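A.B. asks: Handing you a structure now.
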Amino acid sequence: MTLDDAALKNFGFIERPTKNMINIDPLQTGGILTEDARRALVEWGDGYSICDNCGGVLDLIKKPPVQEFVHEALPEFLGVDQARITHGARESKFAVMHAIAQEGDTVILDGLAHYSSVVAAQRARLEIRKVPHSEHPDYYIDPEGYGTAIEETISETGKAPALALLTYPDGNYGNLADAKKIASVCHEYDVPLLLNCAYSVGRMPVDAKELGVDFIVGSGHKSMASCGPIGVLGVNDDNGDYSDIIFRKSPTNKNKEIELLGCTARSATLMTMIASFPEVVKRTRNWDNEVADARWFSEKLEALGLIQLGQRPHNHDLMFFEAPNLYEISTRVKKGRYFLYKELKSRNIHGIKAGLTKFFKLSTFQVGRENLSYIVYSFEQIFKKFECWSFISFLFSIDH
């Protein structure tokens, strides 16, 4: 293929088609950039721009204030002894697993763990054992299940798991398990606990020391108003010298940390995280209002016949709904699988995946009560529209 002008015509600036829509996508709401971050994106978007003042260690750059952010502000925010920036929550999880465990060791995962936790463990060549969850509609994780899983591992392998992981909240139902209790159970067996906070750090207050966890990971592009990919990793040393293990340095390149491959996220990704940080801290203080909005929205949708699965009352903005009435409509309208997506799009609402009607998840984070009220109204209008169509079709069938 020759890259002539004709071959290049589809490239260049591309406007995002959903940028002005009301967004309820659970992957996106916490990652929407602040205005300061948008300015930083342009200012620091050039390749290795962050490296202009680097003496060889990325997180020790003083101007811009990377060192202050990584070694002072971020540890306080996470409630940890040491913190680092990574390329994402999954990279943070892998770094911990690879450093803490040996090939063939076992890692305990909650039954609602994200697939990236699974592949991180597989990449580290670890065996996986899952703590089961309750069935529909709660999907509850029993803290004592961790003790059972640890004891089963000891019985079968002769040694304790190298690590346990809890997804907080899980990425499907938005359930917040009892992390403090789970940490206590794991520590009874001297098993460290990693908290996967991809959907919580940056949205809600999370203090690793208060919860008693040893490692905490977060996602900048999911929950910290940063362009991605970028994540955070925090380590506590209350139960072991974990910082020395996770952040050990290369014997040949003495200022490079092995698990982080020397340097991680830089330039635009890092600088948008730093630029958004003041607003991110402030918005975690508004978490009670976010939960109130989520509960209000859930109540309104349930009044329309939808069913919210998971914890009730709900404690997070991420929610999963079962919608038998929407599914019923989809079975009798043209291209029914996509009718809900199209109806919402026509009302300037984005976030429920195309093709989903019977089950779907969404997020109310930072959408605001006014926009949530409009979304509820839109669902009401959709039901009225298709109830009317159903009645007209019924009359038409009688006439013919």
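Computed from the coordinates by the stated procedures, all read-outs in this text should not be read as laboratory data. Since this is a predicted model, take the numbers as computed values, not measurements. Cβ: placed from backbone, ideal geometry, glycine included. Neighbour counts: every protein chain shown.
A.B. asks: Kirkwood hydrodynamic radius, computed over distinct alpha-carbon pairs, for the stretch 269-375: how many Å, to one decimal?
C.D. replies: 15.3 Å
A.B. asks: What is the fewest-to-most order of THR2, THR284 by other Cβ atoms lying within 10 Å of their Cβ?
C.D. replies: The most exposed by this proxy come first: THR2, THR284.
A.B. asks: So what's the gap between the Cα centers of the stretch 26-78 and the stretch 125-185, to the nearest angstrom?
C.D. replies: Between the Cα centres of the stretch 26-78 and the stretch 125-185 lies a distance of 34 Å.
A.B. asks: Given the DSSP H assignment, sum -39500 (n - 2.57) over each helix run of at least 4 residues in the chain and divide by its residue total; what's the result at 222 nm in deg cm²/dmol, nearest 500?
C.D. replies: Taking each H run of at least 4 residues, the total per residue is -11500 deg cm²/dmol.
A.B. asks: Would you grab the residues whose amide H sits under 5 Å from the one on ASP105? Only those 5+ places off in sequence or on another chain, please, with H modelled 1.01 Å from N.
C.D. replies: Hits under the 5 Å cutoff: GLU127.
A.B. asks: Normalise the Debye intensity by I(0) for the stretch 128-244, one equal point scatterer per Cα, no solvent, then take log10 at q = 0.13, 0.15 Å⁻¹ and round to two decimals.
C.D. replies: Listed by q, the Debye log ratios stand at -0.52, -0.69.
A.B. asks: Now for a separate question. Count the DSSP beta bridges whose two residues both fall in the chain, then state the antiparallel fraction as a percent rounded to the nearest 5.
C.D. replies: The antiparallel proportion sits near 55 percent.
A.B. asks: Where the convex hull is taken over the Cα atoms of the stretch 29-283, what is its projected area averaged over directions, in nm²?
C.D. replies: If you wrap the Cα atoms of the stretch 29-283 in a convex hull and average its projections, you get 13.3 nm².
A.B. asks: Follow-up. According to the square roots a ≥ b ≥ c of the eigenvalues of the Cα gyration tensor, what is the shape class of the stretch 21-78, taking rounded for a/c under 1.5, prolate for a/b larger than b/c otherwise, and oblate for the remainder?
C.D. replies: Working: a/c = 2.94, a/b = 1.58, b/c = 1.86.
Note, shape of the stretch 21-78 comes out oblate.
A.B. asks: Cα axis of helix 89-100 to longest principal axis of the chain: angle in degrees, 0 to 90, nearest 10?
C.D. replies: So the helix axis and the longest Cα principal axis differ by about 30 degrees.
A.B. asks: Next question. Return the single residue from GLY79, GLY56, GLY171 with maximal mean-square fluctuation; model: Gaussian network over the chain, springs between Cα atoms under 10 Å.
C.D. replies: GLY56
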